[in-house]
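Input: a single structure, listed below in structure tokens.
The values are calculated or read from the model by the stated rules, or taken from the named source; none is laboratory data. In this text, all values refer to a predicted model and were calculated from it rather than measured experimentally. Virtual Cβ from ideal backbone geometry, glycine too; neighbours counted across all protein chains shown. Calculation scope for accessible area: heavy atoms of the full protein, side chains included, ligands and nucleic acids excluded. Shrake-Rupley method; radii C 1.70, N 1.55, O 1.52, S 1.80 Å.
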Amino acid sequence: MTEAPGAPARPRVVLGVGGGIAAYKACEVLRRLTESGHAVRVVPTKDALNFVGAATFEALSGQPVATGVFEDVPDVPHVRLGQTADLVVVAPATANLLAKAASGLADDLLTNTLLTARCPVLLVPAMHTEMWEHPATRANVALLRSRGVVVAEPASGRLTGKDTGKGRLPEPAEIVELARLLLARRDALPRDLEGVHVAISAGGTREPLDPVRYLGNRSSGRQGFALARVAAQRGARVTLVAAQTADLVPPAGVDVVRVGSAVELRAAMLDVAARAQVLVMAAAVADFRPVALAEHKIKKTDRDPEPVRLTRNPDILAELVQHRASGQVIVGFAAETGDSTTSVLDFGRAKLKRKGCDWLVVNAVGDGKAFEVEDNAGWLLSSDGSETPIPHGSKAMLASAVWDAIALSGELRAFAVRTLE
Ligand code: CTP
């Protein structure tokens, strides 16, 4: 992983690949990591090479590939790779590999690297549901997590053969998002939302005019999906109420409820609010909807077009606050442009008071900011008056800053104590 003189150091990632059929997806993880500027060294197990040849990993990474500790001995790779890495990602991590990592076995290059790594370690499991649920695997996962290793929640869906269930490797885009989050945090993701049910709305609502037309907005849903993904990986049970979004990968380990209009989104959020402890309104909800929904497609006529008459949609966040259950934490979002007299932050402060929620994430929008882009920045305002700037970074990074604040807050600690009693 030598850099050209003068070039900024690229983050060094060791990509471990276990011997499971999902090893082929590691190629896509590798491609995405190298294309986004990471120096990646692939360390497969011997069994992984039954699924993908070393030449593929070497060509995609531009680095040599070895599985054992007796290759390239003068370079001491079994120690050096772990010591010099900024992040170790293992995808797929088989049940066998989790067991070896938990017991500290070191019989090949990958397991040696896991023992010598002092950077964040992300293990992304893939196995059959029975293996994932086996008490031995549960104990290994719990032990690894207690040591600060991030063992990702697997996705649910089609497994090898005819089976479906929990144990599927999350999609490469999701693995890379988590990897980049750990690199940016330079720290593990804590499991501090275990036992907490969170409900998050995301995306833009569509207000129908007729069977083929609607009024919509430019929200991509990325920020809400990132909040759901990070919460699930911190141990929360997550219900994601998704309105219209870009073509996004549903986060692994999350229950997704699809909705269309603001009225549907309201019904879904009020329903889940009866069971959830934290409610996050990240959706871009249309404030108005057409008064009438035409039963048939509106036809072009020779007459001038009729103006579309609108009526007000319910303010869902305000309603959630009004019906707040005891101990429930409610988070709103404010996408603001500011104007000639009022700053984005002042609009946010006023909105926090008006809506009555506990937290408000304020983003500046317009000029290519926040909507339909990968990155975000803003402020986290709390009803206790604190204001925390959130620096520019990925939407997962903003999500992790929001969860850091909420997990530390008194409300959630009080809830955790109550559930443990
Ligand atoms: N929101 C909602 N129901 C609506 C409109 C917005 O629950 N009908 C929620 C959004 O999900 C967000 C927060 O309220 O969490 C603020 O949304 P925003 O559009 O910024 O605020 P508005 O109340 O619509 O105020 P304005 O458009 O005047 O800025």
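Computed values, structure above
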item: Unmet criterion (only one of (1) modelled with pLDDT under 95; (2) open to solvent by 40 Å² or more (accessible area, probe 1.4 Å)) for Gln244; result: (1)
item: Cβ pairs under 9 Å, 6+ apart, first in segment 309-332 and in contact (Cβ under 8 Å) with a residue 12 or more places away in the chain, second of a type in the set (Ser, Thr, Tyr); result: Asn313/Thr205; Asn313/Ser261; Ile316/Ser201; Val329/Ser409
item: Matching strands (runs of 3 or more DSSP E) fully within segment 167-229 where at least 3 residues are surrounded by fewer than 24 Cβ atoms within 10 Å (Cβ to Cβ); result: 207-210, 213-215
item: Number of positions in segment 262-280 that are open to solvent by less than 20 Å² (accessible area, probe 1.4 Å) and within 11 Å of the ligand (Cβ to nearest atom); result: 5
item: Residue satisfying all of: in segment 304-328; surrounded by 10 or more Cβ atoms within 10 Å (Cβ to Cβ) and among the small types (Gly, Ala, Ser); nearest to the ligand (Cβ to nearest atom) among these; result: Ala318
item: When residues of segment 102-141 are limited to those that are in a helix (DSSP H, G or I) and of a type in the set (D, E, K, R), the one nearest to Asp47 (Cα to Cα); result: Glu130
item: Selected residue (only one of Val362, Val259, Val344 is among the hydrophobic types (A, V, I, L, M, F, W, C), more than 8 Å from the ligand (Cβ to nearest atom) and over 30 Å from Pro391 (Cβ atoms)); result: Val259
item: Strands (runs of 3 or more DSSP E) lying entirely in segment 238-308 (those with 2 or more residues that are of a type in the set (D, E, K, R) and over 25 Å from Val362 (Cβ atoms)); result: 254-258
item: Failed condition for Arg234, given (1) open to solvent by less than 10 Å² (accessible area, probe 1.4 Å); (2) of a type outside the set (Val, Ile, Thr); (3) more than 28 Å from Arg147 (Cβ to Cβ); result: (3)
item: Extreme residue, nearest to Val241 (Cα to Cα), among residues of segment 281-300 that are touching an Asp or Glu at 6+ places or on another chain (Cβ under 7 Å) and within 12 Å of the ligand (Cβ to nearest atom); result: Ala286
item: First in segment 207-219 and without any contact (Cβ under 8 Å) to a residue 60 or more places away in the chain, second anywhere and surrounded by fewer than 17 Cβ atoms within 10 Å (Cβ to Cβ), Cβ under 8 Å, 6 or more apart; result: Tyr214/Pro208
item: Some residue of segment 384-395 being in the same structural domain as Met269 (by TED's automatic domain parsing), within 15 Å of the ligand (Cβ to nearest atom), of a type outside the set (Phe, Trp, Tyr) and open to solvent by less than 90 Å² (accessible area, probe 1.4 Å); result: no
